[in-house]
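Notes to accompany the following structure.
Rule-based calculations on the coordinates, nothing more; no lab input. Worth saying up front: this structure is predicted, and the values here are computed from it rather than measured. Here Cβ is always computed from backbone atoms with ideal geometry, including for glycine, and neighbour counts include all displayed protein chains.
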Amino acid sequence: MVNKENKTYRLEAEQLLVFPDKSTDGGAYDLKDFKHLSKAYQDYAIEYLMKNDRFEY
């Protein structure tokens, strides 16, 4: 995420892999720069991540 002052905030995440037998691997994340922001920004980062981090085989 980049704010209006061009400050970049990042989080690191592993893609969640879902296999045909429904077992999973990965999916860990670290809020990194978001830890210093308000809960609203942290919630948004996690919501965005959960919508975009899943890969099903």
| request: For residue 42, work out the one condition from (1) surrounded by 13 or more Cβ atoms within 10 Å (Cβ to Cβ); (2) touching a residue at least 12 places away in the same chain (Cβ under 8 Å); (3) not in a strand (DSSP E or B) it doesn't fulfil. | output: (2)
| message | I want to confirm something. Restricting to region 1-27 and keeping residues that are touching a strand residue (DSSP E or B) at 6+ places or on another chain (Cβ under 7 Å) and of a type in the set (A, V, I, L, M, F, W, C), which single residue is surrounded by the most Cβ atoms within 10 Å (Cβ to Cβ)? | response | 13
| task | State the number of residues belonging to region 1-14 that are part of a strand (DSSP E or B) and in contact with a helix residue (DSSP H, G or I) (Cβ under 9 Å, 6 or more places away or on another chain). | result | 3
| request: Could you run through region 15-39 and say how many residues are assigned to a loop (DSSP other than H, G, I, E, B), under 13 Å from the mean Cα position of the chain (by Cα) and touching a residue at least 24 places away in the same chain (Cβ under 8 Å)? | output: 2
| query | Among the residues of region 1-43, which ones are acidic (Asp, Glu) and within 22 Å of residue 54 (Cβ to Cβ)? | reply | 12, 14, 21, 25, 30, 43
